Amino acid sequence: MYSNKKSKSKSKINSKIIVVLAIIIVLFLTLFVLERTGVTNFYTSTPNGSSSSNPEVNKINLDPPTEIEQNAGNNQKEEIVGQQNPEQKPQDGDTVNVVIVDSTQYDSEIEVRAFAANIVQDGTCKITFTKDTASFSKEVPAKADASTTPCLTLNVPRAEFNSSGTWQVTVEYNSTASGSANSTVEVL
């Protein structure tokens, strides 16, 4: 009786091994058929996934753009900018909204910060200080950023002001369009 149990367990193990081997053989045959029919491409593909039969398919053209390609790209950029910021493209002679952010004395310098609100275009900012009959001007570049055109911060030494008191500050932005804003600064 003992040997009968032993032979039954050996036959179960042998049948499991046969089933596993049969499954492995079926898998290999299936993969072989799929490879031969072109459904899979395990043996002829390159590391980057492209087929080795046509190496030009995934080649990147690193040559400079042709004139036609360059013009098409420039036109596309202008169209995108026009769609994103239609209100920020004043035409020649249009008025620009200038905003004075700060005109304050800090220690021995008077600081003026301003920006052109409705234009994204390099230009210049002329800052004029006026009190009674005294007047002088400074000019700084205005550099376009993502949505406005800030004037570079102007710092004027206190010594350039001939008197203390309230001075009128005018900031004028100029490029293909122009505009201005007024404020005051108290000079001590």
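Laboratory data are not the source of any read-out in this text; all were calculated from the coordinates shown. What you are looking at is a predicted structure, and each value in this text was computed from that prediction instead of being measured. Glycine also receives a Cβ, built like all others from the backbone with ideal geometry; neighbour counts cover every protein chain displayed.
Taking the Cα-to-Cβ direction at SER163 and at VAL101 and moving 7 Å from each Cα, how far apart do the two end points lie in nm?
3.2 nm
Suppose R0 equals 30 Å; then what is the FRET efficiency for LYS143 and ASN61 from their Cβ-Cβ distance, rounded to the nearest 0.05?
Numbers: r = 35 Å, r/R0 = 1.15.
Given R0 = 30 Å and the Cβ-Cβ separation, E is 0.30.
Cα-based Rg of region 98-187 per 2.2 N^0.38 Å, rounded to two decimals? Provide the component values of the computation, followed by the final result.
Values: Rg = 12.8 Å, N = 90, 2.2 N^0.38 = 12.2 Å.
That works out to 1.05 for region 98-187.
Taking a label point 7 Å from the Cα of LEU152 along the Cα→Cβ vector, which residues of region 166-181 have an amide N closer than 13 Å to it?
Under cut-off, by backbone N: nothing.
Please list, in chain and number order, the residues 5+ apart from ALA117 or on another chain whose amide H is under 5 Å from its amide H, with Hs placed from the backbone.
ASN97, VAL98, VAL99
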